[in-house]
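A.B. asks: This structure is in C-alpha cells; I'll ask about it shortly.
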Amino acid sequence: MSGPVLVERVRAGVASLTLNRPEKRNALSAELVRALAEALERAAEDATVRVVTLAGAGQDFCAGADLVELGRIADMGREESLRDARSLGDLFRTMRSHPRPLVALVHGRALAGGCGLATACDLVLAREDAELGYPEVHLGFVPALVMTVLRRKVGEGRAFEMVALGRRYGAGAAREIGIVNAVFPEATWKAETVRWVSDLASLPPGALRLAKGLLYELDGLDFDRALERAAEVNAEARASAECREGVRRFLERSRARGAREGGRA
C-alpha cells in the first residue's frame, strides 16, 4: 500500500490512520501533514466512524520532522515559514475540533513534532518501549505550536520543563507526567489496544461528541459562562435519543433487580 497516510476500517466503528513513511521513521513532511488532515476530515464526515486511531508504520510512531524538511525550513523567509507553521496549526485545530475521539497508539519514538501529534490526540496509549519528548531546544528550535496543546494537558510548569530541557521520557514517565493515558507491554500491546479502543467505540457516540466538544470549549470561558455552557450541553444530552434509551434500559434493569431481590426476601 502507498501514500503517506494509510486509512483502514479495522473493526466496527473504528477508523485506523497509519503514518506510512517507515523508511523515514514516519517523519513529518508537508505532504504527510496534508494527507493526515484530509483523512481526518473524511473520518469526521463518516457517520459510521465512532473512534479514530493514529499509529505509525515500522519501528516508530513518528520521530519528528524530516531532515530534508528541516534543511528547507532553515532557509525559509519569514512569510513562507509562517505559512508552513500555520499548516501544522491547522492540523492541530482539525484534531481538536474533530467530532470523534482520536486515540494515538504510540510505539518506538514519538519525538518533537511526532510527540506533538500524539499529544494533540484526545487519548494516548503507549507501548512500554515508547520514547516521547520535545528535544527541539537542542537544535535552537522551539516546539511552539505544540505548546498550545501541551500546557493544557500537563500544566505550565511541567510543560516548560519538557520544552526547555528537551528530555526524552519513557512510556511510564510520560504517563506520570500526564501525556500518556495507559501503558501496555509489547506482548499484549495489540490485544490491549484493541480492547481499549473497542470499549470506547461501544459507547454512545453522541455523548462522546458532546463531552469532547464541551471539554475543549471550556478553555476559553470564565467560570460563570462555563457553568452556563455546561447546563446547555446537559440539557442537549438529556433530550437526545441516546440518553432517553440509556435511562430506559437503566430503569428496566433496576426494576428487574428489585423484583429478583424481593423474590428472595
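The values are calculated or read from the model by the stated rules, or taken from the named source; none is laboratory data. Just so it is clear, the structure is predicted and the values come from calculations on it, not from any experiment. A quick note on method: Cβ atoms are made from the backbone with ideal geometry, for glycine too, and the neighbour counts reach across all protein chains shown.
A.B. asks: Taking ALA43 as meeting all but one of (1) under 27 Å from ALA171 (Cα atoms); (2) surrounded by 15 or more Cβ atoms within 10 Å (Cβ to Cβ), write down the number of the exception.
C.D. replies: Result: ALA43 fails condition (1) only.
A.B. asks: Right, here's the next one. Among the residues of the range 204-230, write down those that are closer than 21 Å to MET95 by Cβ and touching a residue at least 40 places away in the same chain (Cβ under 8 Å).
C.D. replies: Those that are closer than 21 Å to MET95 by Cβ and touching a residue at least 40 places away in the same chain (Cβ under 8 Å): PRO205, LEU208, ARG209, LYS212, GLY213, TYR216, ASP219.
A.B. asks: Looking only at the range 129-148, count every residue that is within 27 Å of PRO185 (Cα to Cα) and surrounded by fewer than 21 Cβ atoms within 10 Å (Cβ to Cβ) and tell me the total.
C.D. replies: Here the count works out to 2.
A.B. asks: List the strands (runs of 3 or more DSSP E) that sit entirely inside the range 1-106 and contain at least 1 residues that are modelled with pLDDT under 95.
C.D. replies: 5-11
A.B. asks: Scan the range 108-140 for residues that are in a loop (DSSP other than H, G, I, E, B) and not hydrophobic (A, V, I, L, M, F, W, C) and jot them down.
C.D. replies: Scanning the range 108-140 gives GLY108, ASP122, GLU128, ASP129, TYR134, GLY140.
A.B. asks: For a quick check of your reading of the model, give me the residue pairs whose first member lies in the range 146-167 and is at positive phi and free of Cβ contacts under 8 Å to residues at least 60 places away in the same chain, whose second is assigned to a helix (DSSP H, G or I) and hydrophobic (A, V, I, L, M, F, W, C), with beta-carbon atoms closer than 7 Å and at least 6 apart or on different chains.
C.D. replies: GLY166/VAL137
Quick grid of which residues meet (1) charged (D, E, K, R); (2) surrounded by fewer than 18 Cβ atoms within 10 Å (Cβ to Cβ); (3) within 18 Å of the chain's Cα centre (by Cα); (4) closer than 14 Å to ALA110 by Cα:
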{"site": "LEU17", "(1), (2), (3), (4)": "no, no, yes, no"}
{"site": "GLU23", "(1), (2), (3), (4)": "yes, yes, no, no"}
{"site": "ALA30", "(1), (2), (3), (4)": "no, yes, no, no"}
{"site": "VAL33", "(1), (2), (3), (4)": "no, no, yes, no"}
{"site": "LEU36", "(1), (2), (3), (4)": "no, no, yes, no"}
{"site": "VAL49", "(1), (2), (3), (4)": "no, no, yes, no"}
{"site": "THR53", "(1), (2), (3), (4)": "no, no, yes, no"}
{"site": "GLY58", "(1), (2), (3), (4)": "no, yes, no, yes"}
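A.B. asks: Right, ALA259: exposed (fewer than 15 other Cβ atoms within 10 Å of the Cβ), assigned by TED's automatic domain parsing to the domain that holds VAL106 and either touching a Phe, Trp or Tyr at 6+ places or on another chain (Cβ under 6 Å) or hydrophobic (A, V, I, L, M, F, W, C) (or both) or not?
C.D. replies: Against the criterion (exposed (fewer than 15 other Cβ atoms within 10 Å of the Cβ), assigned by TED's automatic domain parsing to the domain that holds VAL106 and either touching a Phe, Trp or Tyr at 6+ places or on another chain (Cβ under 6 Å) or hydrophobic (A, V, I, L, M, F, W, C) (or both)), ALA259 does not qualify.
A.B. asks: So, one more: Could you figure out which of (1) at pLDDT 90 or above; (2) among the acidic types (Asp, Glu); (3) under 30 Å from ARG9 (Cα atoms) isn't true of ASP224?
C.D. replies: Going through the list (1) at pLDDT 90 or above; (2) among the acidic types (Asp, Glu); (3) under 30 Å from ARG9 (Cα atoms), ASP224 breaks only (3).
A.B. asks: Please pick out the residue among VAL180, VAL142 that is in contact (Cβ under 8 Å) with a residue 40 or more places away in the chain and assigned by TED's automatic domain parsing to the domain that holds GLU192.
C.D. replies: Answer to the check: VAL180.
A.B. asks: Between a residue in the range 82-99 that is surrounded by 13 or more Cβ atoms within 10 Å (Cβ to Cβ) and any residue that is assigned to a helix (DSSP H, G or I) and of a type in the set (D, E, K, R), which pairs come within a Cβ distance under 7 Å, given they are 6 or more apart or on different chains?
C.D. replies: Here the result reads THR94/GLU41; PRO99/ARG209, each pair linking the range 82-99 to a residue that is assigned to a helix (DSSP H, G or I) and of a type in the set (D, E, K, R).
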